[in-house]
Amino acid sequence: MDAVVAYYQNWGIGFKGTQPIVIPEDRKHFQELTEGGTVIVGRRTLADFPNGKPLKNRKTIVMTHQNIEIEGAVVAHSAEEVIEMVKDQPKVFVIGGASVYDALLPFCEKVYITKIYARPECDVFFKNLDENFEWSFESESELMTSSAGLNYRYYVYEKYYINNMIKKIK
């Protein structure tokens with residue numbers, strides 16, 4: 001299982017239930033990365049999707065404490081339940097919000113990040129992986145400029161123990 005997140009320079013990811021700044025090129029990148037896989041999302045984040053519906057061409061698991069049904073999605077009530085649901089699936093992505101990231105990041109092997117070089121007001125934040133010994137920085141893209149004139153870059157972080165095991169094997 002991996003995570004996908006777009007954050008701003010202060011590790012902010014949202015404000016009042018939505019992304020303050022959206023880069024169309026990043027949305028396309030997100031679609032290409034997750035299409036055909038399973039995405040795990042919180043109920044409030046799902047509400048921010050187009051028409052509040054699950055994304056096309058992906059199996060959607062909504063993690064929530066509420067006893068609800070969501071058309072086009074499967075509902076899970078805990079990290080353990082999610083892990084059981086996805087254990088045999090090859091392409092699984094945690095896509096937010098903050099409480100879902102917090103619950104499932106310990107089970108992720110990689111985090112695909114889009115860093116947007118802006119500082120909009122945020123009330124929800126992603127964990128600073130640079131300050132977390134469990135994660136190691138693996139790669140970054142060149143600096144890009146969106147059609148709206150915003151700079152951004154893609155990063156990949158991996159669980160530290162996975163990197164060390166691979167290096168020892170080589």
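Trypsin sites (Lys or Arg not before Pro), restricted to region 11-90: which are DSSP loop and have at most 10 other Cβ atoms within 10 Å?
Lys16, Lys56, Lys87
Determine the calculated [θ] at 222 nm for the chain from helices alone, applying -39500 (n - 2.57) to every DSSP H run no shorter than 4 residues and normalising by the residue count; nearest 500 deg cm²/dmol.
Value at 222 nm, helices only, nearest 500: -6500 deg cm²/dmol.
For region 25-54 and region 98-139, what is the separation of their Cα centres, given in Å?
Cα centroid to Cα centroid, the span is 17 Å.
Suppose R0 equals 25 Å. What FRET efficiency, 1/(1 + (r/R0)^6) with r the Cβ-Cβ distance, do Ala148 and Leu33 give to the nearest 0.05?
0.75
Using only alpha carbon pairs under 8 Å that are at least six residues apart, calculate the relative contact order of the chain and give it in whole percent.
Over the chain, the number comes to 31 percent.
Checking the table Lys56/Lys110; Lys28/Lys56; Lys53/Lys87; Lys59/Lys87; Lys28/Lys115 against a 19 Å threshold on Cα-Cα, which pairs fail?
Over 19 Å Cα-Cα: Lys56/Lys110; Lys53/Lys87.
Are there GluC sites (Glu not before Pro) in region 85-146 that DSSP puts in a loop and that have at most 16 other Cβ atoms within 10 Å, and which ones?
In loop regions of region 85-146 (DSSP not H, G, I, E or B), the sparsely surrounded GluC sites (Glu not before Pro) are Glu109, Glu121, Glu134, Glu142.
Taking log10 I(q)/I(0) by the Debye sum over Cα atoms at q = 0.08, 0.16, 0.18 Å⁻¹ as the quantity of interest, determine which of [x] -0.24, -0.98, -1.23; [y] -0.32, -0.93, -1.06; [z] -0.28, -0.91, -1.07 was computed from the displayed structure.
It is the one labelled [x].
Can you tell me the dipole magnitude for the chain around its Cα centre, using point charges on the Cβ only (Lys, Arg +1; Asp, Glu -1), in Debye to the nearest 20?
Using only the charged Cβ atoms, the result is roughly 240 debye.
For a label point 7 Å from the Cα of Ser99 along Cα→C-beta, name the residues of region 21-48 whose backbone N is under 11 Å from it.
Output list for this probe position: 42-45.
All of the numbers you see were taken from the coordinates with simple rules; none came from a lab. Keep in mind the model is a prediction, meaning the values are calculated, not measured. Every residue, glycine as well, gets a Cβ built from its backbone with ideal geometry; the counts of neighbours run over all protein chains shown.
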